Amino acid sequence: MTAGRLRTSNMSRRDMLRLSGLGALGAAAPAALASCDGGGSGGDGAELQFMYWGSTFEQKAMNAMLAEYKEHSNGGEVQPLYTPGTDYTTKLNTLVASKRAPDLAYLGGGVLYRLAEQGKLINLYPYLKKYPELGERLPYTYYWYGKNKLAATQTANEVMLLWYNKQAFDDAGIDYPPAEADKAWTWDQLVEAATKLTMDQDGRHPDEPGFDSKAIRQFGIASNWNNFGWYPLVRSNGGEAVDDSGTDFVLNGAEGVQVFQDLQDLTFKHRVAPTPAQLATGGAGVPTTPRLLQTRRVAMAMDGQWLLLDMAQSNLDYGIGVLPKYQEALTVGFAAGTVAFTGKGHDDETVELYMFHNDPRYVDLYKDGLWMPLEEKFYSDQAAIDSWTKNDAHPPEFRTAVVDYTLNNSVRQYDQSLKNTDNIAEVMTPALQQIQNGKRPAKEVLDELKPKVDKLLQGYYPTQEL
């Protein structure tokens with residue numbers, strides 16, 4: 001579901017969670033897409049179609065959910081259109097243009113809003129009476145596009161966290177990162193810990209004489225330059241990316257500049273965080289965060305909750321902490337949405353499947369660690385919390401570091417409701433990469449970026465209380 005990673009090409013799992021599109025076709029997918037003719041209702045014997053991306057594990061879990069849906073819907077059939085790769089949105093747009101859109105599909109903000117405004121998506125607002133649980137989701141999980149116009153909700157929920165290798169901390173003799181928001185490290189405490197965890201090939205730290213920054217064996221921290229990586233830090237510092245009107249780029253304010261300069265300084269001043277080039281191996285690109293932690297190439301990493309799926313299946317002795325804070329301990333809640341297409345004569349059946357597909361009772365991806373639920377009760381009611389977290393995949397600190405943190409300290413990702421996000425991303429991404437690569441100071445880049453982004457800002461889509 002799911003920023004560099006602001007684009008719909010060359011995406012990782014993180015991109016799927018944040019933006020619109022992942023998905024080149026697998027070997028069997030062309031035939032599946034070619035047969036996508038609009039389908040029929042789940043109740044009349046014809047098939048609905050569900051187009052989605054994800055790992056092979058997600059494919060297995062989704063197919064199991066769709067099989068269970070058949071039992072719960074009096075024989076409703078659903079054809080899964082598993083579409084992993086890099087041109088998911090292009091494929092979907094082609095199907096829409098040829099009037100062969102699937103009934104349900106994963107999709108991110110830019111294309112999602114466009115299709116909603118074109119009247120191609122079911123407005124979910126009238127279904128709030130039939131499905132009260134639809135109105136009980138976390139406020140930032142909705143994709144509103146007008147008064148009483150609900151295009152989608154997130155497929156699931158995700159937040160940003162601080163992951164770490166416990167053995168690396170034990171070897172360095174330092175305490176683990178806090179797992180409670182009110183005890184979150186300050187930025188200076190993060191840097192101090194990362195310095196003690198960073199070692200060159202001879203075991204020297206960056207603050208010791210003779211440290212060889214060209215031969216680092218273990219980096220203390222892998223920072224995150226995705227928009228969902230830097231945004232919670234900016235908000236924590238009292239800053240914002242775009243003002244409340246959605247027409248003024250304010251990321252170049254003192255708060256934003258400080259965050260981006262601090263991120264750059266992790267690599268080029270403190271020498272505790274790697275560049276992507278320092279992590280790339282043999283032309284294969286940057287390894288996944290679980291792999292970096294497992295091999296102890298890094299000791300800590302700021303990354304998303306969805307990593308729990310891989311972490312829980314590894315032999316890594318890992319831990320979960322909350323992000324470092326500036327003024328206030330905050331994380332960001334985000335994910336791409338699932339959309340439901342209209343105009344096929346079976347909207348009610350489509351919405352029935354819509355409600356089923358992200359119900360934790362029927363989808364293993366919640367208890368296995370990839371997804372988090374949407375409804376607020378799964379973060380506030382003990383029985384509901386236990387229903388998806390009381391298992392071997394979720395470590396003891398998950399309650400405070402993730403569940404409580406999500407309920408009390410998460411904010412909406414700014415571009416989840418911002419108009420014209422795709423064009424804005426085209427301008428912002430290369431500029432922020434200049435900061436990441438250490439080529440220019442943060443203030444200079446952000447000041448130069450402001451007039452370019454201001455020209456593209458068109459306000460926010462409205463949000464609505466339920």
- Within region 340-373, find all residues whose amide N lies under 19 Å from a label point positioned 7 Å from the Cα of GLU136 along Cα-to-beta-carbon. 352-363, 366-367, 372-373
- Query: Give me the log10 of I(q) over I(0) for region 273-399 at q = 0.11, 0.12, 0.17 Å⁻¹, as the Debye formula computes it from C-alpha points; what are the numbers?
  - Reply: -0.55, -0.64, -1.04
- Note on the structure: If every Lys and Arg gets +1 and every Asp and Glu gets -1 at its Cβ, then about the Cα centre region 160-332 yields a dipole, in debye to the nearest 20, of 640
- Message: Can you give me the long-range amide H partners of VAL411? Hydrogens built in the peptide plane at 1.01 Å from N, cutoff under 5 Å, separation of 5 or more residues or another chain.
- Response: THR331, VAL332, GLY333
- Query: How large is ³J(HN,Hα), in whole Hz, for each residue of region 51-68 in order, when computed from phi with the Karplus curve 6.51 cos²θ - 1.76 cosθ + 1.60 and θ = phi - 60°, using x for Gly and Pro?
  - Reply: 9, 8, 10, x, 6, 5, 5, 5, 4, 4, 5, 5, 5, 5, 4, 5, 5, 5
- Item | Derived scalar couplings ³J(HN,Hα) [region 439-448; Karplus, 6.51 cos²θ - 1.76 cosθ + 1.60; whole Hz; x for Gly, Pro] | 7, 9, x, 4, 4, 4, 5, 5, 5, 5
- Filtered hits (lysines, Cα-Cα < 30 Å from LYS214, offset >= 8 within chain) -> LYS166, LYS196, LYS269, LYS325, LYS439, LYS443
- Query: Want the number for ASP248 to ALA431: 0.36 nm per residue separation, take away the alpha-carbon distance, what's left?
  - Reply: 64.1 nm
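Once the Cβ-Cβ distance between LYS439 and GLN327 is put in as r, and R0 is 51 Å, what FRET efficiency do you end up with, to the nearest 0.05?
Using R0 = 51 Å, I get an efficiency of 0.95.
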- Rounded to one decimal in nm, the spacing of the 7 Å Cα→Cβ label points at ASP202 and ASP171 is 1.9
- Message: Shape verdict for region 160-332, please, from the Cα gyration tensor: rounded (a/c under 1.5), prolate (a/b greater than b/c) or oblate.
- Response: prolate
- Task: Could you go through region 253-269 in sequence order and give the Karplus-derived ³J(HN,Hα) for each residue, using 6.51 cos²θ - 1.76 cosθ + 1.60 with θ = phi - 60°, rounded to whole Hz, and x for Gly and Pro?
- Result: x, 4, 5, x, 4, 4, 5, 5, 5, 5, 5, 5, 5, 4, 8, 9, 10
- Query: Which option, (1) 13; (2) 9; (3) 35, is the value of percent of Cα pairs over 43 Å apart that was calculated from these coordinates?
  - Reply: (1)
- Query: Around GLY85, which amide H atoms from residues at least 5 apart in sequence, or from another chain, sit under 5 Å from its own amide H, with H modelled in the peptide plane?
  - Reply: GLY23, ALA24, GLY54
- Each label sits 7 Å from Cα toward the beta-carbon; between LYS147 and ARG217 the label points are separated, in nm, by 6.6
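Values quoted throughout were computed directly from the atomic coordinates according to the rules given, and no laboratory measurement underlies them. Given the structure is predicted, the values throughout are model-derived calculations rather than measurements. Reconstructed Cβ throughout: ideal geometry from the backbone, glycine too, with neighbour counts over all protein chains shown.
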